[in-house]
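Novice: One structure follows; several queries about it will come next.
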């Protein structure tokens, strides 16, 4: 009986520890729209700084900063993990396509109320 109670206590403690959010990282959503430098006569891959932008996003994915990326209508969307809003702003403004106004980006805190996954 003693071993059973110890096992139950250990399992309960393990579940409680795993359920705690020990990460200091938060989620943010970045919404991209075309900027004033976008040339409507050119395809996306023909735009100045577009290849560099794609390489920048690829690097963010490799570093696991990007949780998910998508497009809807004329807007691109990234969900990112970072410690605070200022960190995300500094990170995304390193993108040469943002610096040269190929894209505009607006960043907001992102607070999911349903947890889940996309596969």
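The values are calculated or read from the model by the stated rules, or taken from the named source; none is laboratory data. Please read these numbers as outputs of a predicted model, since none were measured by experiment. Neighbour counts are summed over all protein chains in view; Cβ atoms, including those assigned to glycine, are modelled from backbone coordinates with ideal geometry.
Novice: For the subset of region 4-50 comprising residues that are in a loop (DSSP other than H, G, I, E, B) and modelled with pLDDT under 95, which member is nearest to residue 69 (Cα to Cα)? Working first, answer last.
Specialist: Within region 4-50, the subset in a loop (DSSP other than H, G, I, E, B) is 20-25, 35-43, 47-49.
With modelled with pLDDT under 95 added as a condition, the list becomes 20-25.
Numbers: 20: 26, 21: 23, 22: 24, 23: 21, 24: 22, 25: 18 Å.
Across region 4-50, the extreme among qualifying residues is 25.
Novice: If I ask for residues that are without any contact (Cβ under 8 Å) to a residue 40 or more places away in the chain and either more than 30 Å from residue 111 (Cα to Cα) or over 19 Å from the mean Cα position of the chain (by Cα) (or both), which ones from region 28-63 would you list? Write out each step before concluding.
Specialist: Kept after step one, since they are without any contact (Cβ under 8 Å) to a residue 40 or more places away in the chain, are these residues of region 28-63: 39-46, 51, 54-55, 57-63.
Once the filter is applied, which keeps residues that are without any contact (Cβ under 8 Å) to a residue 40 or more places away in the chain and either more than 30 Å from residue 111 (Cα to Cα) or over 19 Å from the mean Cα position of the chain (by Cα) (or both), region 28-63 yields 39, 40, 41, 42, 43, 44, 45, 46, 51.
Novice: Please go through region 60-94 and give me each residue that is in a loop (DSSP other than H, G, I, E, B), out of contact with any strand residue (DSSP E or B) (no Cβ under 8 Å at 6 or more places or on another chain) and over 19 Å from residue 26 (Cα atoms), ordered by number.
Specialist: 73, 94
Novice: Further question: Checking the structure you have, find out if any residue of region 92-103 is under 13 Å from the mean Cα position of the chain (by Cα), at pLDDT 95 or above, surrounded by 15 or more Cβ atoms within 10 Å (Cβ to Cβ) and more than 19 Å from residue 51 (Cβ to Cβ). First the steps, then the outcome.
Specialist: Step one: filter region 92-103 for residues under 13 Å from the mean Cα position of the chain (by Cα), giving 92.
Of the ones still in play, those that are also at pLDDT 95 or above are 92.
If we keep only those that are surrounded by 15 or more Cβ atoms within 10 Å (Cβ to Cβ) too, we end up with 92.
In the following step, the residues that additionally are more than 19 Å from residue 51 (Cβ to Cβ) were identified as none.
Checking region 92-103: not a single residue is under 13 Å from the mean Cα position of the chain (by Cα), at pLDDT 95 or above, surrounded by 15 or more Cβ atoms within 10 Å (Cβ to Cβ) and more than 19 Å from residue 51 (Cβ to Cβ).
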